[in-house]
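The values are calculated or read from the model by the stated rules, or taken from the named source; none is laboratory data. Source: prediction; values computed, not measured. When we count neighbours, we look across all protein chains shown, and the Cβ atoms used for this are built from the backbone with ideal geometry, even at glycine. Each accessible area value is taken on the protein alone, full model and side chains, heavy atoms only, with ligands, DNA and RNA left out. Shrake-Rupley method; radii C 1.70, N 1.55, O 1.52, S 1.80 Å.
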Amino acid sequence: MASKLNPNVLYVREPRESLTSPDPQAEAGDESSDSDGEPEETSNKLIRKVSTSGQIRAKKSVKEGLLLKQTSSFQRWKRRYFKLRGRTLYYAKDSKSLIFDEVDLSDASVAETSTKNINNSFTVITPFRKLMLCAESRKEMEDWISALKSVQKWETYEASQFNMEHFSGMHNWYACSHARPTFCNVCREALPGVTSHGLSCEVCKFKAHKRCAVRSTNNCKWTTLASIGNDIIEDEDGVSMPHQWLEGNLPVSAKCVVCDRNCGSVRRLQDWRCLWCKAIVHNSCKEQLGKVCPLGQCKVSIIPPTALNSIDSDGFWKATSPSCSSPLLVMVNSKSGDNQGVKFLRRFKQLLNPAQVFDLMNGGPQLGLRLFQKFETFRILVCGGDGSVGWVLSELDKLSLHKQCQLGVLPLGTGNDLARVLGWGGLCDDDAQLLQILEKLESATTKMLDRWSVMTYEVPTKQTPAIIAQYADSVATHLTKILDSDKYSDVISSAKFLCGTVNDFVAEVGKAYERATENKEEADAMAKKCAMLNEKLDSLVKALSEDANAQLVPSGSISPDESDSDQSRPFRSREQMMLRANSLKKALRQIIDQAEKDKTAVLHSNNCEMTTRSKLAKQKNMKSDSTYTHSSCLFHRQCTEKCVMNNYFGIGLDAKISLEFNNKRDEHPKKCSSRTKNMMWYGVLGTKELVQQTYKNLEQRVQLECDGVPMSLPSLQGLAVLNIPSYAGGINFWGGTKEDNNFGAPSFDDKKLEVVAVFGSMQMAMSRVINLQHHRIAQCRQVKITILGDEGVPVQVDGEAWIQPPGIVQIVHKNRAPMLTRDRAFESTLKSWEDKRKGDSRPARPRLNSQQSMEYLSEEECAQVQQLGLVADTLINRCVYVCLYEESMTSTQM
């Protein structure tokens, strides 16, 4: 055995067989191990191969990083640094370790650890060992799995691209158990254990032992025309979609669509199931079924693989729209719904084309939108919370796709306010209902959702103090040296640095003043003062440079070199230096005071101008759409769009609770990992505010204008601006859905906002139990909130909160997005019509043998049936002729 070992590699003998990992590579420095891929003898199973860091550098790195590795003792997790180079996975205690363990990936398979996979773990399975690893996020886990699969096929791995195993036909394994006997699709033997534990493909449900997964063929569910291969059907009409069959492991109640008899077996692997139309047939009935696949109940939503037949210049699949269909793009947030998003992600891949299902946590919505932007019309289903919906809508704004798509929502988040308003409910946690949801989505109606821009403008009164604070430490340090030090060199050096700091400060003040002011005369005056101060600085620096070359001459003494008096001058006294410093200090203070006065005057004039224009517009009774066009033109020149609001805007109490919850979730993600925990945290934070009342008398810190009209506010702790009649998980803060004498009925497509006062956390808590009549402030088309004082106020938009500094917040209409809404009245009418149609319809014609229909007969059988029909028709005609002849003969005899 020693003759087979590489002398350049260090081998360590392991006492336990379960931790061994033989590596057949002969040279540690070679990037390819194809020539040395044969397995070693059984005696080498007890030898674990390790390499030094110097040997690893010779190979090109595919991916590396920190992962958690499960140990064999008590299943503890330890952090290790992994490096994937070539077909070998190296790991050590950290990146600077000298010795790395090796795992050969030549005959390895990769699978997710569990069904929900909350901890983002995966398993690397080799013929001799099993590594269970855990990543920090699902995206990192999928990147590692993609990298491990790519090195097995010698492909170039790129983490930024879409998971290309969907297009390559590779299976996506995850470990699971089964409630009934299940068989391996590779070796056809039963999976071990009472629960039949093994690996299952998340897309096609291909079953395999852990030892057989590496030997499985890449025959996962088709995604493109190229993946169909030789099974494609070509005729005069073009390319047709064939059935894609998978053998065995059928449900208990499975019946053949041809003979209507039971299918499947718990004793062996038998009978077939189509991955697209879900048709189940016997082995003997398979040939009697038509070759073209009808795609099943979801055919309207499915993009058939025959529609993905080319690659564009960017390297992504270019989709050609199939006829008479409205394809569906599914985007799932895998973190939503207590990590239920992973289960929904797999289920959608089973029902639809895997190429039209995307994980928002792995690349965002850009990849899917780029794939679908070739379609004239398409639908989008976002599975997640309100934040996921806003994310997708923002990407649609960037790509300008609102006119060609409609967006539906499947609620998986915590609040799900938008899904409640659109009629899809407040929660969906059962993936078995997805087929019914897709059918309801096909019959959904379209309504326009108003979207609003949140514009912010921060008062720049804090610019000058910020600039002073930037240079305060340097100025204080050098002034202390000048005043306290008796050393000639220290005084000169500190004075030079002080002059340079002040010079930079003056330049910053000048730039800030030019950005803030619009008066050219004031700007010129400030420029002259800055220039004057710069001249004084230059004079002082020149004097300091001369003093730096001077010699210290005591009073009353004569210089030894009187002839060289120009080159050597006596040292100036500290009084002279202080006079120049005081002169500079006075000039600097004048500049700072003038800048503050001018900026205050500019802000005051801006506010006066906006207020005056608002009053003039009010006196003229102008329409609300044109009132603000002129009154806020100055504001729009200086403001920026902070974000886009789809649901609601809050300031004060509710925003503070949202901000604290977001901070708590960022600090302790595991404490906010479920919907129930999130609601409990909201309750705890609201109870704390019941005692503290941080924003009591908020009306003294903010000013509200609705459609340009100042509003008088009662004593409150917050304001809520509503676009939809659902707030904070289903609360109707407006207090009703019907029109009254003062206000119209609230709607998300009327280009109007509803403004409501928030009096306290008790009011918010009681609103979940009792439908209270809240204090309505206004119903308007534009909202402007001015934050007064020197401190910021918490603000939240659709649950995302931040501290807004003093200034102005204005909410204006941005655009409208088409949304898919569920019309329950239409669904009930359609169902009753279908039931009535079934009841009135005549019974269907009997089949030829009471089991089969004409569409399932072969061409030869069809010809025989047609010939039988002709013979029967001839026989009937002859019988009729004979009967008529006999009647005529009888009448003649009589």
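Per-residue answers, yes or no, for (1) in the same structural domain as Val783 (by the TED database); (2) more than 30 Å from Pro805 (Cβ to Cβ); (3) at pLDDT 80 or above; (4) polar (S, T, N, Q):
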{"residue": "Cys405", "(1), (2), (3), (4)": "no, yes, yes, no"}
{"residue": "Gly413", "(1), (2), (3), (4)": "no, no, yes, no"}
{"residue": "Leu422", "(1), (2), (3), (4)": "no, yes, yes, no"}
{"residue": "Gln463", "(1), (2), (3), (4)": "no, no, no, yes"}
{"residue": "Ala469", "(1), (2), (3), (4)": "no, no, no, no"}
(request) Scan the stretch 218-267 residue by residue and report those that are at pLDDT 90 or above, farther than 12 Å from Val281 by Cα and basic (Lys, Arg). (result) Lys221
(request) Name, by its number, the condition in (1) outside any helix (DSSP H, G or I); (2) over 23 Å from Asn647 (Cα atoms); (3) over 34 Å from the mean Cα position of the chain (by Cα) that does not hold for Val691. (result) (1)
(request) Look at Trp276 and say whether it is at pLDDT 90 or above, open to solvent by 40 Å² or more (accessible area, probe 1.4 Å) and within 30 Å of Phe372 (Cα to Cα). (result) no
(request) Can you confirm whether the stretch 777-799 contains a residue that is hydroxyl-bearing (Ser, Thr, Tyr), more than 30 Å from Val459 (Cβ to Cβ) and surrounded by 13 or more Cβ atoms within 10 Å (Cβ to Cβ)? (result) no
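Just to verify a result, which residue in the stretch 197-214, among those that are among the hydrophobic types (A, V, I, L, M, F, W, C) and closer than 20 Å to Arg129 by Cα, is most open to solvent (accessible area, probe 1.4 Å)?
In this case the residue turns out to be Val214.
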(message) I'd like to know if the stretch 145-156 contains one or more residues that are at pLDDT below 85 and on the phi > 0 side of the Ramachandran plot.
(response) yes
(request) Search the stretch 383-430 for residues being among the acidic types (Asp, Glu) and touching a residue at least 24 places away in the same chain (Cβ under 8 Å), and hand back the single one that is surrounded by the most Cβ atoms within 10 Å (Cβ to Cβ). (result) Asp417
(request) Inspect all residues belonging to the stretch 849-856 and state whether any of them is at pLDDT below 90, of a type in the set (Ser, Thr, Tyr) and surrounded by 15 or more Cβ atoms within 10 Å (Cβ to Cβ). (result) yes
(request) Restrict the check to the stretch 817-840 and report whether at least one residue is in a strand (DSSP E or B), within 23 Å of Gly385 (Cβ to Cβ) and charged (D, E, K, R). (result) no
(request) Just one of (1) open to solvent by less than 20 Å² (accessible area, probe 1.4 Å); (2) more than 22 Å from Asn647 (Cβ to Cβ) trips up Asn741, so point out which. (result) (1)
(message) Looking only at residues that are open to solvent by less than 20 Å² (accessible area, probe 1.4 Å) and either of a type in the set (A, V, I, L, M, F, W, C) or within 30 Å of the chain's Cα centre (by Cα) (or both) in the stretch 81-98, which one is farthest from Trp144 (Cα to Cα)?
(response) Ala92
(request) Exactly one condition in (1) in the same structural domain as Ala226 (by the TED database); (2) buried (at least 23 other Cβ atoms within 10 Å of the Cβ); (3) modelled with pLDDT under 90 is not met by Ser334; state its number. (result) (1)
(request) Having 1 or more residues that are modelled with pLDDT under 90 and within 30 Å of the chain's Cα centre (by Cα) is the bar; report the strands (runs of 3 or more DSSP E) wholly within the stretch 755-814 that clear it. (result) 800-804
(message) Restricting to the stretch 216-266, count the residues that are in contact (Cβ under 8 Å) with a residue 60 or more places away in the chain, open to solvent by less than 60 Å² (accessible area, probe 1.4 Å) and in a strand (DSSP E or B).
(response) 3
(request) Quickly run through the stretch 123-133 and pick out the residues that are in a strand (DSSP E or B) and either open to solvent by 20 Å² or more (accessible area, probe 1.4 Å) or assigned by the TED database to the domain that holds Pro669 (or both). (result) Lys130, Met132
(request) Select from the stretch 346-371 the residues that are under 24 Å from Glu439 (Cβ atoms) and in contact with an Asp or Glu (Cβ under 6 Å, 6 or more places away or on another chain) and list them in ascending order. (result) Arg346, Arg347
